[in-house]
Ligand code: FES
Ligand code: FES
């Protein structure tokens with residue numbers, strides 16, 4: 001299927017404020033009256049949002065959407081001025097959705113479709129909606145990540161302070177005993193596969209297939225295998241041993257401490 005969905009560039013900048021639809025709905029509105037609306041209505045003055053810019057509201061078609069492949073996100077505008085964001089990872093077998101057309105977000109791996117309004121499944125085999133993500137639209141028409149701007153006049157003392165950043169060693173992802181020699185184990189939640197090509201040698205690779213983004217399904221007979229279309233990758237170096245994938249699985253850095261394997265990059 002031809003992918004004719006526009007792809008937005010990544011940029012980083014922030015400015016201004018706009019009203020949002022509410023935190024639970026993970027949507028944002030744009031295009032309200034210009035000027036300091038909060039001050040006019042007696043609401044506390046808001047600080048600018050600090051999220052990363054995903055794109056421009058004007059670039060998201062009304063009734064449609066835009067896929068940000070590098071972020072694995074879909075931005076939609078179900079009705080004019082209403083913006084939503086969803087994970088672009090299909091809830092069936094993890095392909096990235098490939099187009100937004102006729103009011104649905106479509107995955108051509110097996111034909112699932114999701115509504116641009118709320119990510120709900122409109123056609124299977126996907127079993128569940130696309131995960132909703134919080135975005136905010138600035139007064140400059142930029143769609144940024146995260147919640148609505150913080151209230152600077154009434155600090156929320158009910159929220160715990162964010163944890164301090166430390167240099168902690170990452171918690172072990174797996175025990176060396178969990179990884180068969182000559183094979184490997186897929187950790188779907190972390191989207192990583194850890195292999196042990198030869199005894200005592202541990203390697204890690206992205207578990208996202210380089211063909212169309214499914215998560216690889218298993219490691220058998222010396223290869224990491226993707227069930228979506230049959231691609232296979234070598235446990236030793238992630239290289240392609242069978243297509244249609246044409247590029248290797250990206251390698252991840254691992255550390256082995258005692259019998260614990262941790263990701264370090
Ligand atoms: S329909 Fe999306 S992965 Fe199967
Ligand atoms: S997504 Fe097609 S073979 Fe993996």
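The values are calculated or read from the model by the stated rules, or taken from the named source; none is laboratory data. For clarity, every value in this text was computed on a predicted model and none was experimentally measured. Cβ sites come from the backbone with ideal geometry, for glycine too, and all protein chains shown count toward neighbours.
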Pairs needed: first member in the stretch 91-110, in the same structural domain as residue 231 (by TED's automatic domain parsing) and assigned to a loop (DSSP other than H, G, I, E, B); second member anywhere, within 15 Å of ligand 2 (Cβ to nearest atom) and at pLDDT 90 or above; C-beta distance under 9 Å; at least 6 residues apart or different chains. none
Qualifying position, being buried (at least 17 other Cβ atoms within 10 Å of the Cβ) and on the phi > 0 side of the Ramachandran plot, among 222, 213: 213
Per the filter on the stretch 219-239, residues under 14 Å from residue 182 (Cβ atoms) and within 16 Å of ligand 1 (Cβ to nearest atom) are none
Scanning the stretch 247-265 for residues that are in contact (Cβ under 8 Å) with a residue 60 or more places away in the chain, out of contact with any helix residue (DSSP H, G or I) (no Cβ under 8 Å at 6 or more places or on another chain) and not in a loop (DSSP other than H, G, I, E, B) gives 252, 254, 255, 257, 262, 263
So which residues in the stretch 176-201 are more than 16 Å from ligand 2 (Cβ to nearest atom), within 27 Å of the chain's Cα centre (by Cα), touching a residue at least 24 places away in the same chain (Cβ under 8 Å) and surrounded by fewer than 17 Cβ atoms within 10 Å (Cβ to Cβ), if there are any at all? 190
Looking at the stretch 212-259, which of its residues are more than 10 Å from ligand 2 (Cβ to nearest atom) and either assigned by TED's automatic domain parsing to the domain that holds residue 109 or farther than 24 Å from residue 199 by Cα (or both)? 246, 247
Unmet requirement for residue 102, which otherwise passes all of (1) surrounded by fewer than 16 Cβ atoms within 10 Å (Cβ to Cβ); (2) under 17 Å from residue 72 (Cα atoms); (3) more than 16 Å from ligand 1 (Cβ to nearest atom): (2)
Suppose we filter the stretch 230-254 for residues that are within 22 Å of the chain's Cα centre (by Cα) and loosely packed, with under 15 Cβ neighbours inside 10 Å; how many remain? 4
Across the stretch 68-95, which residue is nearest to residue 139 (Cα to Cα) among those that are within 16 Å of ligand 2 (Cβ to nearest atom) and crowded, with 22+ Cβ neighbours inside 10 Å? 88
Taking the stretch 130-141 and keeping only residues that are away from ligand 1 (no atom under 12 Å from the Cβ), surrounded by 16 or more Cβ atoms within 10 Å (Cβ to Cβ) and either under 18 Å from the mean Cα position of the chain (by Cα) or not assigned by TED's automatic domain parsing to the domain that holds residue 64 (or both), one is left with 132, 133, 134, 135, 136
